[in-house]
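A short write-up of the structure that comes next.
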Ligand code: PGA
């Protein structure tokens, strides 16, 4: 049985005091045992978050990471820095990084490789645009992203990372994929992992859905066979809605 993982992507929201307030409120929520939880605040909030999350069992993740170890890379953050700030996860290849900062599958592959080699669990994001879906090339696009982002990875590497399927047209739009639409892409991704590696690896890999996940649609998405959790944007910025989504994963 795959354990469900609910991750909150805070994006570019929350100062340090606001971070402390939100994390304290999340910790006061009734959180079911048996559901993995991750909080991914901005870099500047990582240490404050780490100190409040200590002993809670909640994972701490960053939203991006350099593929380099160190050096003259102004504005970049390395895996070592993330680990020393208390992270054990990192979101990579989010569609906003792909769209606004030119991240390619090759870049995401290099970053995920670096994360895996250094004990950080990458959450590798994939997903098609509305134009691609309507043009009938969704499987080609998402399949290409999976092949590119995971190229050259061993089965144990693939088993220890997380994939987040986030249709770009559903992110921040209030328009989520239906549970059936999401399930069918998740099954496609799992099938592809099986083809690239093995059925056993495909059974193990955690595939989250992301894109306008809210308390009122979470349960129907999370009960789908191949949906193993959620990557939550807007709804994770309020403890009550993040808590409700986590509880929906626990039933
Ligand atoms: P959203 O964002 O829940 O606000 O749609 C999801 C994401 O971008 O990870």
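The values are calculated or read from the model by the stated rules, or taken from the named source; none is laboratory data. This is a predicted model, so every value here is computed, not measured. Positions of Cβ are generated from backbone atoms using ideal geometry, with glycine treated the same way; all protein chains shown enter the neighbour counts.
Points to keep in mind about this one:
Quick grid of which residues meet (1) under 19 Å from residue 160 (Cα atoms); (2) touching a helix residue (DSSP H, G or I) at 6+ places or on another chain (Cβ under 8 Å); (3) surrounded by fewer than 20 Cβ atoms within 10 Å (Cβ to Cβ):
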| site | (1), (2), (3) |
| --- | --- |
| 178 | no, no, yes |
| 189 | yes, yes, no |
| 193 | yes, yes, no |
| 196 | yes, yes, yes |
| 202 | yes, yes, no |
| 205 | yes, yes, no |
| 213 | no, yes, no |
| 216 | no, no, yes |
| 225 | no, yes, yes |
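- All of (1) modelled with pLDDT under 95; (2) more than 20 Å from residue 91 (Cα to Cα) hold for residue 188 with one exception: (1).
- The combined condition, being part of a helix (DSSP H, G or I), crowded, with 22+ Cβ neighbours inside 10 Å and within 15 Å of the ligand (Cβ to nearest atom), is fulfilled by residue 182.
- Members of the range 78-97 found to be closer than 21 Å to residue 230 by Cα and surrounded by fewer than 18 Cβ atoms within 10 Å (Cβ to Cβ), listed by number: 88
- If you go through the range 120-143 and keep only what is out of contact with any helix residue (DSSP H, G or I) (no Cβ under 7 Å at 6 or more places or on another chain) and surrounded by fewer than 16 Cβ atoms within 10 Å (Cβ to Cβ), you end up with 131, 134, 135, 136, 137, 140.
- Test: residue in the range 98-119 that is free of Cβ contacts under 8 Å to residues at least 12 places away in the same chain, touching a helix residue (DSSP H, G or I) at 6+ places or on another chain (Cβ under 6 Å) and surrounded by 14 or more Cβ atoms within 10 Å (Cβ to Cβ): yes
- Test: residue in the range 159-169 that is away from the ligand (no atom under 16 Å from the Cβ) and without any contact (Cβ under 8 Å) to a residue 24 or more places away in the chain: no
- The set of residues in the range 51-97 being within 16 Å of the ligand (Cβ to nearest atom) and without any contact (Cβ under 8 Å) to a residue 24 or more places away in the chain is empty.
- Test: residue in the range 227-245 that is at pLDDT below 95 and either under 29 Å from residue 154 (Cβ atoms) or touching a helix residue (DSSP H, G or I) at 6+ places or on another chain (Cβ under 8 Å) (or both): no
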